[in-house]
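Notes follow once the structure below has been shown.
The values are calculated or read from the model by the stated rules, or taken from the named source; none is laboratory data. Bear in mind the structure is a predicted one, so any value in this text is a computation, not a measurement. Cβ sites come from the backbone with ideal geometry, for glycine too, and all protein chains shown count toward neighbours. Side chains are part of the model used for accessible areas, which takes the heavy atoms of the whole protein and leaves out ligands, DNA and RNA. Shrake-Rupley method; radii C 1.70, N 1.55, O 1.52, S 1.80 Å.
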Amino acid sequence: MTSGFVELDALVIGAGPGGMTAALYLKRLNRRVVVLDSGCSRALLIPLSRNHPAFPEGIAGAELFRRMRKQLRNLDIEIVAEAVSQVRRSASSGFIVEFAGRSMMAENVVLATGVEDTLPPIDQANDLTRSGHLRFCPICDGYEISGRPVVIIGATEHAASEARFLGSFTNKITIATLGERMNVTEATMARLVDVGVAIRCEKLIHCSRRENGAVDLVMEASATLEGVVLYSALGIRPRSQLAEQLGADLEDEMRIKVDAHQATRVPGLYAVGDVVTGLNQLGVSMAHGEIAAIAVHNRLRRMEESRHLAPGWG
């Protein structure tokens, strides 16, 4: 592991698909880069992604990570398994990043910190996600559940929006509020009724797994919802605290605002992946990483050229 006070061209915080892609490109551009990994990427929970290009049989999140980490190791990119405790601007230039009693200085920082899903109140929700019995992304897997009965956990406009989106794949849709009052506009409720979405407001007693990614939901004082595909629409929590502390702008849902080059308004600070406003997809996150790496490289090039042209240089 790197020790002491290390000076880098870039430090990537987060080792999900976007962060690892940024590190890969930076290293291949002959930049000094280190990755900090807290081990919290939600992509690790993906049981099998069937819409990621170039994998006709699909690929599990853990297998994608294994391949990408091997690619980074082949380039001798250091991945430090630690969570960041603080990032602050250096008095001269760049950033000082602190973790586990250590410090690194980097001219640029790429935030690939991701988001956390708000999990439903179901025992072993993470395990259900890993096994494909609890889903969060109809863009990812709606095609695979075509025609099957679906239950969406939620009670807000977001849940209603997910229900309407899933109508592209099935007409057997129920929103389960788990005891919460449905909190949508009258117009939204009317649209749900028009398209045949059922609303169940009773509490959940038990969720049990079945084959083919289905579950049985035992409801309080009501009929069991048997053999349904279960989605959660309870929202996300972006890990954008470091960006906010450094003065970056945040957008809807507290995601980080960036420009077309993944740059925040803080010079040298970039953000990629789900923590940035946009589509939460593996391919999008990787593309963000590529764009940010090129932007970091070009920024460093401009700084190097400026120093070279400065009076008295050398």
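Before moving on, here are some points about what is shown:
- Region 35-75 - residue that is polar (S, T, N, Q), under 18 Å from residue 126 (Cβ atoms) and open to solvent by 20 Å² or more (accessible area, probe 1.4 Å) and, of those, farthest from the chain's Cα centre (by Cα): 38
- Residue in region 82-99 that is in contact with a Ser or Thr (Cβ under 8 Å, 6 or more places away or on another chain), of a type in the set (Val, Ile, Thr) and within 30 Å of residue 214 (Cα to Cα) present: no
- The set of residues in region 76-90 that are closer than 19 Å to residue 242 by Cβ and either in a loop (DSSP other than H, G, I, E, B) or within 18 Å of the chain's Cα centre (by Cα) (or both) comprises 81, 82, 83, 84, 85, 90.
- Within region 97-112, tally of residues that are in a strand (DSSP E or B) and under 14 Å from residue 10 (Cβ atoms): 9
- Selection within region 105-121 - farther than 22 Å from residue 252 by Cα and either at pLDDT below 95 or open to solvent by 20 Å² or more (accessible area, probe 1.4 Å) (or both): 105, 107, 121
- The residues in region 122-135 that are closer than 22 Å to residue 198 by Cβ and open to solvent by 50 Å² or more (accessible area, probe 1.4 Å) can be counted, and the count is 0.
- No other residue among 96, 79 is open to solvent by 30 Å² or more (accessible area, probe 1.4 Å), β-branched (Val, Ile, Thr), modelled with pLDDT of 95 or more and in contact with a strand residue (DSSP E or B) (Cβ under 6 Å, 6 or more places away or on another chain) apart from 79.
- Qualifying residue in region 151-161 (condition: open to solvent by less than 60 Å² (accessible area, probe 1.4 Å), in contact with a Pro (Cβ under 6 Å, 6 or more places away or on another chain) and within 29 Å of residue 113 (Cβ to Cβ)): yes
- Restricting attention to region 257-279, the residues that are at negative phi and open to solvent by 40 Å² or more (accessible area, probe 1.4 Å) add up to 8.
- When region 280-303 is filtered for residues that are under 12 Å from the mean Cα position of the chain (by Cα) and either surrounded by fewer than 16 Cβ atoms within 10 Å (Cβ to Cβ) or among the β-branched types (Val, Ile, Thr) (or both), the ones remaining, listed by number, are 283, 284.
- Qualifying residue in region 15-33 (condition: in contact (Cβ under 8 Å) with a residue 60 or more places away in the chain and either assigned to a strand (DSSP E or B) or more than 27 Å from residue 267 (Cβ to Cβ) (or both)): no
- Of everything listed in (1) under 28 Å from the mean Cα position of the chain (by Cα); (2) of a type outside the set (Asp, Glu); (3) under 18 Å from residue 144 (Cβ atoms), the single unmet condition for residue 217 is (3).
- Residues (surrounded by 17 or more Cβ atoms within 10 Å (Cβ to Cβ), part of a helix (DSSP H, G or I) and either over 15 Å from the mean Cα position of the chain (by Cα) or of a type in the set (D, E, K, R) (or both)) located in region 139-150: 141, 142, 144, 145
- Residues of region 243-256 that turn out to be surrounded by 17 or more Cβ atoms within 10 Å (Cβ to Cβ) and either among the β-branched types (Val, Ile, Thr) or in contact with a Gly (Cβ under 9 Å, 6 or more places away or on another chain) (or both), as a count: 2
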